[in-house]
Amino acid sequence: MEADIVVIGGGIAGLTAAVEAAETGYSVILVEKNPYLGGRVTQLTKYFPKVCPPYCGLEILFKRLQNCRNLKYLTMAEVKRVSGSPGDFTVTVEKKPRFVTDACTACGACVEVCPVEIPNPFNFGMDKCKAIYFPHEMAFPPIYVIDAEACKGKECGQCVSACKYNAIDLDMKPEEITIKTKAIIVATGWNPYDATKLDNLGFGKYPNVITNMMMERLASPNGPTKGKILRPSDGKEPKTVAFVQCAGSRDENHLPYCSAICCLASMKHALYIREQIPDSKVYIFYIDLRAYGRYEDFFQRVASDENVQFIKGKIAKIEETENGNLIVYAEDTATGRKVSMEVEMVVLATGMQPTTAVNKIEGLEYDEYGFVIEREGIIPCGVARMPADVASSNRDATGAVLKAIQVIRG
């Protein structure tokens, strides 16, 4: 395959870069490792500061993408190697089998007969889906996918029999694809920091300790609880919720840097809780509050709620009570007092870690934290370059396109 520009990663930054480059007239191939485009943004309930749903923006991007004849996209495809020089790069891609073809109409007949259930990856395992599943309600491309590790294959084959469009092919094999390109935009995005590494905070040990991205899914209408914020242990509405800021961020033992958006995300989550559970109380434990520029107004909006309390202090540990509640131990650094508080649920504001910190692409250069270092012809954007919110990632993607065009035009 050949293209003027290869975009690695189909999240919001990668989509923006791919569409804007293609609309400018350059040929583009977009490579995404998930079975759908949209990345982390698809898992969000709302954006800050407007607190509006993200799907409207994604729908516009998908429509623009479909109108670009010079833009091709590959899903379930992972870039393994990059080699060459500006104007003459080779990108090696491993494409995993989806086992479902473009003939799929998303009718759902296959799901009804599938006997295998798995933890739903889109909802961080908080509910179940079948081994053949639709990634999420607004998934693009709108095609089912089979979990290769869970599916029994031809030993079962019930989905094949149920599909009247012959869209299921259990004989699909992995492919290696080579792409020749002139410039590369890296938009590989981020993963939430692994909260199980934070031993003192109880994630994975206490069911009512969840992460900020899990909160997004709980509040979402297409989430595991259909938008009801319920604590996992017993399905009750949590009337008292503590947020732990910098869970894994600004910590020499984990992520030494600030992840940029965690404070604002927790403020948004506080609004979710306060709007849905009017008699609730929210406590936000923080080291330093980050609400820069135009986000100051958003902070003031949240801070004006008398049932949202900001406590300057770092959490020392969390313990569980017999009834599933949680005791949060901290020091209030503003007063010097030790604080112990019983709450019904705890949300960890885990840091943003670039995916390339764990899954490195051969041929790219990285800093000490795993962020991609720019060099001529290879331009990182979004969280592949540094922690950023959605708006900043989009602006960054546009800038990356301009740099890629400069490489192409010499």
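The values are calculated or read from the model by the stated rules, or taken from the named source; none is laboratory data. Because the structure is a prediction, the values reported are computed rather than measured. Because the Cβ atoms are built from the backbone with ideal geometry, glycine has one as well, and the counts that use them run over all protein chains shown.
Some points to look at:
- Of residues in the range 146-164 being in a helix (DSSP H, G or I) and in contact (Cβ under 8 Å) with a residue 40 or more places away in the chain, the one nearest to the chain's Cα centre (by Cα): CYS159
- Matching residues, the range 165-190, being in contact with a Ser or Thr (Cβ under 9 Å, 6 or more places away or on another chain) and over 30 Å from SER27 (Cβ atoms): TYR165, ASN166, ILE168
- Among the residues of the range 220-274, those identified as outside any loop (DSSP other than H, G, I, E, B) and basic (Lys, Arg) are LYS268, ARG274.
- For the range 79-93, taking the residues that are under 27 Å from the mean Cα position of the chain (by Cα) and buried (at least 16 other Cβ atoms within 10 Å of the Cβ), the one that is farthest from GLU376 (Cα to Cα) is identified as VAL93.
- Filtered by the rule that a residue be in contact (Cβ under 8 Å) with a residue 12 or more places away in the chain and of a type in the set (D, E, K, R), the range 55-82 gives GLU59, ARG64, LYS72, GLU78, LYS80, ARG81.
- Scanning the range 241-272 for residues that are at pLDDT 95 or above, of a type in the set (A, V, I, L, M, F, W, C) and closer than 18 Å to LYS50 by Cβ turns up CYS263, LEU264, ALA265, MET267, ALA270, LEU271.
- Residues in the range 167-210 that are over 29 Å from ALA18 (Cα atoms), part of a loop (DSSP other than H, G, I, E, B) and hydrophobic (A, V, I, L, M, F, W, C): 3 in all.
- Close pairs (7 angstrom Cβ cut-off, 6 or more residues apart or separate chains): at pLDDT 95 or above and buried (at least 20 other Cβ atoms within 10 Å of the Cβ) in the range 13-30, among the hydroxyl-bearing types (Ser, Thr, Tyr) and not in a helix (DSSP H, G or I) anywhere: LEU30/TYR73
- The range 322-358, residues that are within 25 Å of PRO278 (Cα to Cα) and among the hydroxyl-bearing types (Ser, Thr, Tyr): SER340
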